[in-house]
Amino acid sequence: MEKSQYSGPVCEFETAGPCGIVIFGASGDLTSRKLIPALFELYVRRRIPDNFFIAGVARSALDTETFREVVENAVDRGVRNIKPGQKQGFIKRCYYLSGQYDDDSTYRELKDLTGTLAGKYETGGNIIFNIATPPNLYKVIVSKLGTNSLVEKGQNKDPFQRIIVEKPFGTDLETAQDLNSFFLEHLSEDQIYRIDHYLGKDTVQNILAFRFANLIFENVWNRNYIDHVQITVSEKLGVGHRAGYFDQAGLVRDMLQNHMLQLLSLVAMEAPAKFDAELIRDEKVKVMRAIRPFTGVSYPSTILRGQYKEGEVEGEKISAYRKEQGVKKNSSTETYFAAKLFIDNSRWEGVPFYLRAGKALKEKKTQISVIFKEVPHSMFVDDIKENPLEPNVLTFGIQPQQGVFLKYQAKVPGSKMCIYPLQMNFNYADYYGVELSDDYETLLLDCMVGDQTLFWSKKGIEKSWALITPLLQEWEKSNYDNKKVKLFFYKAGSTGPREADRMIENDNRKWILS
Ligand code: NDP
């Protein structure tokens, strides 16, 4: 990696205050792959203090000693460049409690354990309960925390008691509303941190900085200058070990409802008066309210679903989705979708937002491209209609390319006046000379310092479900061979169904990097 070219101020939170973290589902994949490495990095970088402990809770018959081995393995696998002696201080702060999630005795024991650890590590009673279990356990855990007095509604200061809850938060509007009402019986909204890990990414947060800290782009950020916007989330992986869950959920629930609507609202929102969690979250809700409903849309010209067939990704064979273990043989679950959305407000009236996402595709790429209008006249070409100049394209690379890229026209060196598009690239890693921090690091630290900006609000999550629930209902009642909402098959390793290309080509546009 190149040396940093950056000479500005250090941009880190000060160390979070003392606190304990209880992880439900501590024997699981998310804990080992994401939470433990993120907490370790924060601890090593002194973003969390010595007054800190982790208590893992799950049914698996581990004890503190064996859990510490799990923690050590997770650190070894998930963290690079560990220096000698760094692990021990962290590992010895990890404890484990085995118990059933619906059994009061688990919570009585947990209360004793966290009470003892709070004294030992002088955390002042500040505590975060991170619910990293399958979603069907969210309710019982919150209810038992409430009835066993581990959390008290409104207790968000001296000491704070907060809950981090994973996605998916609900499976449709009704279940999300139900979950919200249930949580709010035991907690106040400022104690609830609903995760969308995309929001923890610097590249995603940079969309706001880029738009609202620079005058030059804000002035052209509207229907007068922007032709359309594209948001692409393309993955090379199939569904793998998550097949059972995925076959119930589908990609619209897994991607569109949360990550992609968040990305869209960051691109489309108005600037609030202050960088304030509530104000920012409210502006995003306003965007979601203004998205034209999916009811009565035409298929497949406005929205379509697809599913992968057998194929190859980078030389590796991928079996058809329907042959994956845990997937129904005639499943109509979508592993791909493409949609054309409109935001009915004065900034965006008539500007299409094309969204597409898929699994088992040729490329791994998450990016947002803002495609500007073509110049109306040019002195460089005789007939602009016959020889249009390629328009400016501003791309936010979220992953794996992380940065901002601007395509613009430039003169080619030489005696003749030739115009050809160039790309101006800003790449995070090259410029700052560091790997961007992991999204979970940012989110866990934000919860510790009490900043909800990067988490879903109640209103936001309900609005996003309100938007997509009618679509899901229509798809669920229609078989895969239903003519109106047909399921289009595509080969694993391809760029998706041909019909998705037609969707945009029928509007005389094309996917960027398709
Ligand atoms: P796991 O399936 O690994 O489950 C976590 C733990 O929950 C398991 O170790 C198990 O512990 C317990 N558990 C699992 N199934 C049941 C069950 N049927 N009844 C009771 N307990 C059960 O989940 P992940 O760690 O992968 O994910 C946790 C949460 O995070 C989920 O809500 C998931 O949607 C979300 N998430 C996960 C991501 C990931 O990358 N893994 C990404 C995004 C979100 P034990 O048996 O010991 O009690």
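The values are calculated or read from the model by the stated rules, or taken from the named source; none is laboratory data. Being a predicted model, the structure only gives us computed values, none of them experimental. Glycine also receives a Cβ, built like all others from the backbone with ideal geometry; neighbour counts cover every protein chain displayed. For the accessible areas, the whole protein counts, side chains as well, though only heavy atoms, and no ligand, DNA or RNA atoms are used. Shrake-Rupley method; radii C 1.70, N 1.55, O 1.52, S 1.80 Å.
With a 1.4 Å probe and all protein chains left in place, how much of the accessible area of segment 228-348 comes from carbon and sulfur atoms, in whole percent?
Carbon and sulfur together cover 50 percent of it.
Using the crude model of +1 on Lys and Arg Cβ and -1 on Asp and Glu Cβ, and no other charge, please compute the dipole size for the chain relative to its Cα centre, in debye to 20.
Value, rounded to 20: 1020 debye.
Run through segment 347-400 and list the GluC sites (Glu not before Pro) located in a DSSP loop whose Cβ has at most 12 other Cβ atoms within 10 Å.
E349, E386
State the three equivalent ellipsoid semi-axes of segment 355-514, derived from the C-alpha gyration tensor as the square roots of 5 times its eigenvalues, in descending order and whole Å.
Working through the eigenvalues yields semi-axes of 35, 28, 16 Å.
Considering only protein heavy atoms and a probe of 1.4 Å, how much of the accessible area of segment 19-166 is carbon and sulfur, as a whole percent?
Percent of accessible area from carbon and sulfur atoms in segment 19-166: 44.
For segment 162-230 and segment 57-108, write down the distance between their C-alpha centroids in whole Å.
So the separation of the two Cα centres works out to 31 Å.
So, counting K/R as plus one and D/E as minus one, what does the shell of residues with Cβ under 13 Å around Q402 add up to?
-2
What does the accessible area of L173 come to, in Å² to the nearest 10, when a probe of 1.4 Å is used?
Surface accessible to solvent at L173 totals approximately 50 Å².
Over what distance in Å are the Cα centres of segment 352-409 and segment 438-492 separated?
Rounded to whole Å, the Cα centres lie 25 Å apart.
Determine how many Å³ per residue the convex hull of the Cα atoms of the chain encloses.
Cα-based convex hull of the chain, divided per residue, equals 175 Å³.
Output the peptides 274-287, 317-330, 392-405 sorted from most to least packed, where packing is the average of other Cβ atoms within 10 Å over each peptide's residues.
392-405, 274-287, 317-330
Rule-of-thumb check for segment 19-166: C-alpha Rg over 2.2 N^0.38 Å?
Normalised Rg, Cα atoms only: 0.99.
Can you give the helix-only mean residue ellipticity at 222 nm for the chain, where every DSSP H stretch with n ≥ 4 adds -39500 (n - 2.57) and the sum goes over all residues, rounded to the nearest 500 deg cm²/dmol?
Dividing the helical sum by the residues of the chain leaves -9500 deg cm²/dmol.
For the ranges 140-148, 111-119, what's the packing order if you count other beta-carbon atoms within 10 Å of each residue, average per peptide, and put the highest first?
The peptides rank, most packed first, as 140-148, 111-119.
Taking only protein heavy atoms and a 1.4 Å probe, what accessible area per residue, in Å², does the chain have with all protein chains in place?
It amounts to 47 Å² per residue over the chain.
Less than 15 Å apart at the alpha-carbon level, and either on another chain or at least 8 residues along: which aspartates and glutamates does that give for K486?
E334, E474, E476, E499
Roughly how many whole Å is it from the C-alpha centroid of segment 306-341 to that of segment 1-47?
A separation of 35 Å, based on Cα centres.
Could you tell me what % of all Cα pairs in segment 160-270 have separations over 18 Å?
When every Cα pair of segment 160-270 is considered, 64 percent fall beyond 18 Å.
Which loop-located trypsin sites (Lys or Arg not before Pro) does segment 14-108 contain, where loop means any DSSP state but H, G, I, E or B and the Cβ has at most 16 other Cβ atoms within 10 Å?
Sparse-neighbourhood loop trypsin sites (Lys or Arg not before Pro): R45, R46, R59, R80, K92.
Using r as the Cβ-Cβ distance of D501 and L184, and R0 as 41 Å, what FRET efficiency do you calculate, to the nearest 0.05?
0.40
Taking 22 Å as R0, compute the FRET efficiency from the Cβ-Cβ separation of E363 and F489 and round it to 0.05.
Using R0 = 22 Å, I get an efficiency of 0.70.
What FRET efficiency comes out for D50 versus V434 if R0 is 30 angstrom and r is the Cβ-Cβ distance? Round to the nearest 0.05.
According to the calculation, E is roughly 0.75.
Pairs to check: K167/K284; K340/K463; K201/K373; K373/K510. Give those whose C-alpha atoms are more than 20 Å from each other in this structure.
Where the Cα-Cα span goes over 20 Å, the pairs concerned are K201/K373.
Run through the DSSP bridge list for the chain and note the antiparallel percent, rounded to the nearest 5.
55 percent
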